[in-house]
1. Please compute the modelled spin-label separation between T161 and A332, points set 7 Å along Cα→Cβ, answer in nm with one decimal.
2. How much solvent-accessible surface does D322 expose, in Å² to the nearest 10, with a 1.4 Å probe and all protein chains in place?
3. Report, by chain and number, residues whose modeled amide H sits under 5 Å from the one on D293, excluding near sequence neighbours (fewer than 5 apart, same chain).
4. How much length would be gained if the chain were fully extended between T10 and M249, taking 0.36 nm per residue of separation minus their Cα-Cα distance, in nm to one decimal?
5. Taking the Cβ-Cβ separation of R197 and Q279 as r and a Förster radius of 35 Å, what is the calculated FRET efficiency to the nearest 0.05?
6. Between beta-carbons, use under 9 Å as the cut-off and find the net charge around D158, counting Lys and Arg +1, Asp and Glu -1.
7. R0 = 22 Å: FRET efficiency of D23 with A226, Cβ-based, nearest 0.05?
8. I'd like the FRET efficiency for C54 and E339, computed as 1/(1 + (r/R0)^6) with the beta carbon distance as r and R0 of 22 Å, rounded to 0.05.
Amino acid sequence: MTIPKRSAGTLYQPREKLPWPDDEPFRILSIDGGGIKGILPAALLAKVEREITCGVPAGRYFDMIAGTSTGGIIALALGLGLPASMVQQIYIEQGAAIFPRKTARDPMLRGLQVAWRALNDLQRYRYDAAALDRALSGAFGGAILGQCERRLVVPAFDWNTEVFLFKTPHHPDYKLDWPNELVTVARATSAAPTYFRAFKGADRRFLDGGVWANNPIMCALVDALACYDVDRRAIEILSIGCADDEYVMTSAHESGGLWAWRKIFSAAAQLQSQNAIGQARLLIGGDQVHRLDRRAQRPVEMDDYEGAAALMPALAETMFDDNRAMLESFFASERPAFEAWHGPRAPAPGARA
């Protein structure tokens, strides 16, 4: 049975914009993908909860949250009203089970490990997702997207080879996604190629949204501008990265070959992020886009639990200290929950103001 492409139902006229108060900001949180390095944004937001919001979950300070892959998991948790500290705890306590590998200290053994993984990756995915499923089920239970109180935009990659965005029902046109369980959305956005098998939902298969939008900042910004009659200068964005290592071109790339370009996905993700941030700054002004990211003391791969657990919390502390004034301003006041158009949070027929 052939599943029709999601794009077959695309509207080809401008979306009717909902009103937005002239004196209200529109605050967006965008969180990159990065595997277990998601400890960094989770730890940073948990620090905000401890030092600035007095325990109030960080998600309550945003009108819209976008997240890809590990950032999508964090976005879903925040959208449901869970604290970032809980997400950080899950990553720290269950990350080793989700990415069960240990890096040898001996350089020779480490080299053999790398070679073995490279051979293994040629023919099968690296990890079983059972531990990830258990972690997500423990966090979200049977909660669905329609229960979330923050507008959410979560990229995935449809097996039909097209982009896919899960969205909360914050606009009358968004009728399809709200019944999805959060576990389903989380697995769809985080099924990273080579790491996990493609995720099969009720009627579609998905791969990681990082394939095309590892930094989802523009997904959120475009959605806000398309759905609301909001002044662009009223939009404020906090974009948090996952300590990606710089992709360096070497002489080996000149001769080409699959081995030289084996990490081209990392370069593509970084370039996509640079472009998306640049576009956002052009649209609303550079002073309205706050990008927080920093490289760790040493390279940390997406599945390196030991490295991420050792380095990311301290890196989050440094990022918080360096940007405290901006964060205090960003988290000065809570934002109201959105009014849903469909699903369990939607008003009864005739009750909408």
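1. Here the answer is 5.0 nm between the modelled labels.
2. Number for this one is 90 Å².
3. G241
4. Length gained, T10 through M249: 82.1 nm.
5. According to the calculation, E is roughly 0.60.
6. Local charge sum for D158: +3.
7. That pair, D23 with A226, gives E of 0.50.
8. So the FRET efficiency works out to roughly 0.25.
The values are calculated or read from the model by the stated rules, or taken from the named source; none is laboratory data. Everything quoted here is computed from the prediction, not taken from an experiment. Every residue, glycine among them, receives a Cβ derived from its backbone with ideal geometry; neighbour counts consider all protein chains shown. The area values use the complete protein model at the heavy-atom level, side chains included, leaving out ligands, DNA and RNA. Shrake-Rupley method; radii C 1.70, N 1.55, O 1.52, S 1.80 Å.
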